[in-house]
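The values are calculated or read from the model by the stated rules, or taken from the named source; none is laboratory data. Computed from a predicted structure; not experimentally measured. In this analysis, Cβ positions are derived from the backbone assuming ideal geometry, glycine residues included, and neighbour counts consider all displayed protein chains.
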Amino acid sequence: MIGAGIVGICSAIQLQRRGYDVTLLDRRAPASETSFGNAGVISRGSIFPTAAPGISKKIPQILANRSREARLHYRYLGQLAPWARRLMQNASAEKFELNLHALNEIVGACLHEHKALLQECGGLTLLRENGWIKLYRNAESFENSAAEQTSLAQCGIDFEALGHEQIDTMEPALNSIFTGGLWIKNTASVSSPGQVCELYTRLFTNAGGKLVRDELKELQWRDDQWQISCNSNQLNTESVVVALGAWSKSVLEQLGYRIPMVVERGYHMHYQSSSILNRPVYDVDGGYVMSPMQQGLRVTTGVEWGSEDTKPTPVQLQQIQPYVKQAIDINDKLDLEPWLGRRPCTPDSLPVISAAHRHQNLWVAFGHGHMGFSMGPITGRLIADLVVGTEPLIAAGRFRLSRF
Ligand SMILES: Cc1cc2nc3c(=O)[nH]c(=O)nc-3n(C[C@H](O)[C@H](O)[C@H](O)COP(=O)(O)OP(=O)(O)OC[C@H]3O[C@@H](n4cnc5c(N)ncnc54)[C@H](O)[C@@H]3O)c2cc1C
């Protein structure tokens, strides 16, 4: 297993349970990257693909870098172009519906799979099952959520529209500035995604799983086996799963796969706050998410399109800070530097959970975008089903690599 983010860790656990002798390789300690610092929402309502009818209207605002929620490194435009072309192809009403239904199916299985693992590792105390709230500052943006509410209802997702008094009662820590909200009830959240990953890693190592800390340099099929060349080690193995999140694309390109995936970077900062939220909230008009975490109030930003390996440019954290201060009383920043994570995003918003069609004994699990923390455990289940050759728990055909 190459890559020890939430996807790699959960895949390693499930393969181990099917009788494989699994080694988990990462250049850093498990879950030191994107799986560590996300907003920790196991979101039931996040079933809407980015490629939606009407998305082209947003392009001028994005290109002008006028949105707090989306920011573009102009030097990344060349890499963005093939993804954007595929994104537009997915924006028809018909494709949108297909992608939404595939997402609804996999997202619907996320909480159950997380709970099963949390139960086993003694981590249920980290889980809150009280939903999350999308908050709207002005009446017009709340009214614009009407189509979303219809789709949520059609997909059987339990939600309730809230007025400002209900928001005040449910979240007394918030200042009374929101006119409406959507409470997505069958959503859960955790108070430390990093600790959840640590506990899951322990499930793997306690059952005999091996961790190797080294950086992958090259992956080659030679003499009927995979040779994994790293900085200090060379590992030989019969089968490999690549679960390198945002870094999967460059590794698979060496093997001849062209993947129109982009990196949507996002930042977090923890604040000290005397008022404590009961659950995560998404300030839709402010363009950020706030989650109560063990480390303090975690504020996470929207999207920054930029290369996975260029230095942090946390402009959005500065832009959203006045909006955060309007919403809740915050005191000191608790981190010396902002944290940066990299969301691996496909043009149809579906993950890639699949055999690699041009090679034998090679599987891939990446591209989980904004939902990888939620989808990690179900991805582990699916990849193990595919490797073993049993009927997958849910239909996995839409997640195949060969769709690109
Ligand atoms: C700000 C923000 C908020 C988010 N909020 C949520 C949320 O609330 N809910 C949700 O479901 N999702 C959320 N996400 C998305 C989620 O965090 C990601 O989709 C998920 O963490 C991806 O997991 P992964 O295992 O695929 O990748 P990663 O966690 O990035 O793991 C990839 C691993 O590959 C390793 N690696 C890379 N290159 C090499 C190499 N050459 N050799 C060895 N190892 C290597 C890295 O060290 C890393 O450990 C958020 C993301 C961000 C940025």
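Note on segment 187-208: among residues that are within 23 Å of residue 268 (Cα to Cα) and among the hydrophobic types (A, V, I, L, M, F, W, C), the one that is farthest from the chain's Cα centre (by Cα) is 199.
Quick one: would you say residue 25 is more than 20 Å from the chain's Cα centre (by Cα) and within 16 Å of the ligand (Cβ to nearest atom)?
On the way: more than 20 Å from the chain's Cα centre (by Cα): yes; within 16 Å of the ligand (Cβ to nearest atom): yes.
Yes.
Which ones in segment 140-155 are of a type outside the set (A, V, I, L, M) and touching a residue at least 12 places away in the same chain (Cβ under 8 Å)? Hits for segment 140-155 are 141, 142, 145, 148, 149, 151, 155. Close contacts from segment 3-15, counting a first residue that is over 16 Å from residue 371 (Cβ atoms) and within 7 Å of the ligand (Cβ to nearest atom) and a second that is part of a helix (DSSP H, G or I) and at pLDDT 95 or above, with Cβ to Cβ under 6 Å and a gap of 6+ residues or different chains, come to none at all. Tell me, please, whether a residue that is modelled with pLDDT of 95 or more, more than 12 Å from the ligand (Cβ to nearest atom) and out of contact with any helix residue (DSSP H, G or I) (no Cβ under 6 Å at 6 or more places or on another chain) can be found in segment 47-56. Yes, segment 47-56 has at least one match.
Picking from residues in segment 251-282 that are in contact (Cβ under 8 Å) with a residue 60 or more places away in the chain and of a type in the set (Gly, Ala, Ser), the one that is farthest from the ligand (Cβ to nearest atom) is 275. Please go through (1) away from the ligand (no atom under 15 Å from the Cβ); (2) at pLDDT 95 or above; (3) among the β-branched types (Val, Ile, Thr) for residue 394 and return the number of the only condition it doesn't satisfy. With respect to (1) away from the ligand (no atom under 15 Å from the Cβ); (2) at pLDDT 95 or above; (3) among the β-branched types (Val, Ile, Thr), residue 394 is out only on (2).
The residue that is nearest to the ligand (Cβ to nearest atom), among those in segment 355-380 that are aliphatic (A, V, I, L, M) and closer than 25 Å to residue 199 by Cβ, is 371. Filtered by the rule that a residue be assigned to a loop (DSSP other than H, G, I, E, B), modelled with pLDDT of 95 or more and under 18 Å from the mean Cα position of the chain (by Cα), segment 307-358 gives 346, 347, 348, 349, 350, 351.
Cβ-Cβ under 9 Å, sequence separation 6+ or interchain: first residue in segment 117-128 and more than 15 Å from residue 14 (Cβ to Cβ), partner assigned to a helix (DSSP H, G or I) and basic (Lys, Arg). Which pairs? Close Cβ pairs satisfying both conditions: 124/115; 127/115.
Yes or no, residue by residue, for (1) at pLDDT below 95; (2) more than 19 Å from residue 179 (Cα to Cα); (3) touching a strand residue (DSSP E or B) at 6+ places or on another chain (Cβ under 7 Å):
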{"position": "87", "(1), (2), (3)": "no, yes, no"}
{"position": "90", "(1), (2), (3)": "no, yes, no"}
{"position": "96", "(1), (2), (3)": "no, yes, no"}
{"position": "108", "(1), (2), (3)": "no, yes, no"}
{"position": "126", "(1), (2), (3)": "no, yes, yes"}
{"position": "129", "(1), (2), (3)": "no, yes, yes"}
{"position": "135", "(1), (2), (3)": "no, no, yes"}
{"position": "152", "(1), (2), (3)": "no, yes, yes"}
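Just checking, does segment 33-52 include any residue being over 25 Å from residue 183 (Cα atoms) and basic (Lys, Arg)? So far as segment 33-52 goes, no, none of its residues is over 25 Å from residue 183 (Cα atoms) and basic (Lys, Arg).
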